[in-house]
Structures are given as C-alpha cells and as structure tokens.
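Peer 1: Please see the structure below; I have some questions.
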Amino acid sequence: MTTERLPSAASAGPVGGAAPLARLEGVTPSFPGPAMVLALRDVDMVVQRGDYVSIMGPSGSGKSTLLNVLGLLDRPTVGRYELDGLDTAPLRDRDRTRLRGRRLGFVFQTFHLLPRRTVLENVVLGMAYSGVPRGERRARAWEALARVSMTHRAGFFPTTLSGGERQRGDSAGGRGRAGVAFGGRAERELGRRDFGGGVGFAGGFEPVWFGGGGCDPRPGFV
C-alpha cells in the first residue's frame, strides 16, 4: 500500500504553526483469530490542511483498514492517531461518534440515499447529524446541490434519478458534512463517480471548502 498527494490549489502545508489535520505514528491495527492478522504495520502518515491524499494498493493491503482508522471507525491496536492535534486514543466511543459526526465527511462509491426522502431532504438530514444549526441546513444543502449541478432534481426521490444523479446527490450530502471541518472518505475508485474522473471529482470539493459557508478554510481530503 502506498500514499500519494494529489495537486490542490489550496495545499500549502502547515498554516501559522497549526497542527497537521491528521497524524498517524506507528499505527498497527491487529485482529485476533487462529493466526493474528496485522492489517497494517507501523504506519506513519501526516495530512496537512488542503492536502489531497490518494491511498493505493492491491486488494488486502490495508487501504480500507487505514480509512477506518482515519474515520474513527476502528482503533489502532498500537500507535497514535491525532485528529487536528487531538489524541484520539483516550476518547470513549460516544466521544468518537460525536467527533466523527461533526468533523468527518464520508463519500462512498455507492450512493446512500433514503428512498422516501427527496434529494434535498437527504442532504439536509446529513447536516442534522453534523451539528449544523437548523436554520442554516436548507440553505447549505441547496448550495451543496448547486455545486454538483443537482438543484433541478432537489425535489425528486432517489428512485426517479439516474445512477449518476444518485451519486451526485449522495456526494452533495457528503460534501455538506465534510464542509463543516475535516474532509471526506472516498471508497475505492473515485473515477467511477459521475464527475469526469477521480481528480475532477475530488476537485469539486474545493468550492465547498474554500468558498466559505462557515467551514474550515483549509481542510484535507483522504
């Protein structure tokens, strides 16, 4: 497994001595069984604000495990993970869940839209879990849909959309959550998304993050 930084107009390393957005030191998640499985071995990694980081490797190399650690879904058995300067090791599960909901955005390869909610309602619902004030959710959801050219489908139900439109609607929800602070998680091949390729898709996050809207001005994307 390897990591590669993709070009970003806003990536300029640490700002004013600020802590990295994410820092992993000697991270080794292990899973018990007939034979102990070390999904990763002694991983060191730093993500600065504004970075785009691509995680690449063959099946079974630990990509999903690393993303689960970064997303606070799994705890490393050994090592240290700091999120924006905060050591995540002492956090209780409830605190990790709260931090994940407010600071992390997830964008998956497949869409995750509630079939009985409109596209706009799906995006608004995601913001409810991330702590966006009720009075701001609808406007920010509309802005997120506008940035993926989906305002004309805001009132539609997912079952009436094309596959590409469902992906974009789901991505607007992920961007709305990610725009609050940290960034997003992209499952597998970004190029499969309906955005003209992985880099084009990832670049679509910049107007949300760097265009205002009350979010961290220099987040990261993993």
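The values are calculated or read from the model by the stated rules, or taken from the named source; none is laboratory data. These numbers were taken from a predicted model, which means no experiment stands behind them. FYI the Cβ positions are ideal-geometry reconstructions off the backbone, even for glycines, and counts take in every protein chain you see.
Peer 1: Checking the conditions here, which among Arg94, Arg100, Arg75, Arg23 is under 20 Å from the mean Cα position of the chain (by Cα), surrounded by 14 or more Cβ atoms within 10 Å (Cβ to Cβ) and within 20 Å of Ser130 (Cβ to Cβ)?
Peer 2: Answer to the check: Arg100.
Peer 1: Do we find a residue being hydroxyl-bearing (Ser, Thr, Tyr) and either modelled with pLDDT of 80 or more or in a helix (DSSP H, G or I) (or both) anywhere in the stretch 93-108? Explain how you work it out, then say what you get.
Peer 2: Just the residues of the stretch 93-108 that are hydroxyl-bearing (Ser, Thr, Tyr), to begin with: 97.
Checking which are either modelled with pLDDT of 80 or more or in a helix (DSSP H, G or I) (or both) leaves us with 97.
Scanning the stretch 93-108 turns up at least one residue that is hydroxyl-bearing (Ser, Thr, Tyr) and either modelled with pLDDT of 80 or more or in a helix (DSSP H, G or I) (or both).
Yes or no, residue by residue, for (1) in contact with a Ser or Thr (Cβ under 9 Å, 6 or more places away or on another chain); (2) closer than 30 Å to Ala154 by Cα; (3) surrounded by fewer than 17 Cβ atoms within 10 Å (Cβ to Cβ); (4) not aliphatic (A, V, I, L, M):
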{"position": "Leu70", "(1), (2), (3), (4)": "no, no, no, no"}
{"position": "Asp84", "(1), (2), (3), (4)": "no, no, no, yes"}
{"position": "Arg117", "(1), (2), (3), (4)": "no, yes, yes, yes"}
{"position": "Tyr129", "(1), (2), (3), (4)": "no, yes, yes, yes"}
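Peer 1: Right, next: Can you name the condition, by its number, that Arg153 falls short on among (1) closer than 30 Å to Ala22 by Cβ; (2) at pLDDT 90 or above; (3) more than 20 Å from the chain's Cα centre (by Cα)?
Peer 2: (1)
Peer 1: So is Pro76 part of a loop (DSSP other than H, G, I, E, B), touching a helix residue (DSSP H, G or I) at 6+ places or on another chain (Cβ under 8 Å) and within 30 Å of Thr160 (Cα to Cα) or not?
Peer 2: Numbers: part of a loop (DSSP other than H, G, I, E, B): yes; touching a helix residue (DSSP H, G or I) at 6+ places or on another chain (Cβ under 8 Å): yes; within 30 Å of Thr160 (Cα to Cα): no.
No, not satisfied.
Peer 1: Is it fair to say Leu113 is assigned to a loop (DSSP other than H, G, I, E, B), surrounded by 16 or more Cβ atoms within 10 Å (Cβ to Cβ), of a type outside the set (Lys, Arg) and in contact with a Lys or Arg (Cβ under 9 Å, 6 or more places away or on another chain)?
Peer 2: Details: assigned to a loop (DSSP other than H, G, I, E, B): yes; surrounded by 16 or more Cβ atoms within 10 Å (Cβ to Cβ): yes; of a type outside the set (Lys, Arg): yes; in contact with a Lys or Arg (Cβ under 9 Å, 6 or more places away or on another chain): yes.
Yes.
Peer 1: Hey, among the residues in the stretch 116-135 that are touching a helix residue (DSSP H, G or I) at 6+ places or on another chain (Cβ under 8 Å) and assigned to a loop (DSSP other than H, G, I, E, B), which one's nearest to Leu83 (Cα to Cα)?
Peer 2: Residue satisfying both the conditions and the ranking: Ser130.
Peer 1: Six or more apart or on different chains, Cβ under 8 Å: which pairs go from a residue in the stretch 75-103 that's of a type in the set (Val, Ile, Thr) to one that's assigned to a helix (DSSP H, G or I)? Could you list them?
Peer 2: Listed by first residue and then by second, the contacts come to Thr88/Arg96; Thr88/Leu99.
Peer 1: May I pose another question? Please verify whether Arg75 is closer than 23 Å to Thr97 by Cα and at pLDDT below 85, treating the condition exactly as stated.
Peer 2: Details: closer than 23 Å to Thr97 by Cα: yes; at pLDDT below 85: no.
Taking the combined requirement at face value, the residue does not satisfy it.
Peer 1: Taking the stretch 136-167 as the search range and keeping residues that are touching a helix residue (DSSP H, G or I) at 6+ places or on another chain (Cβ under 8 Å) and polar (S, T, N, Q), which one is farthest from Gly126 (Cα to Cα)?
Peer 2: Per the stated criteria, the residue is Ser149.
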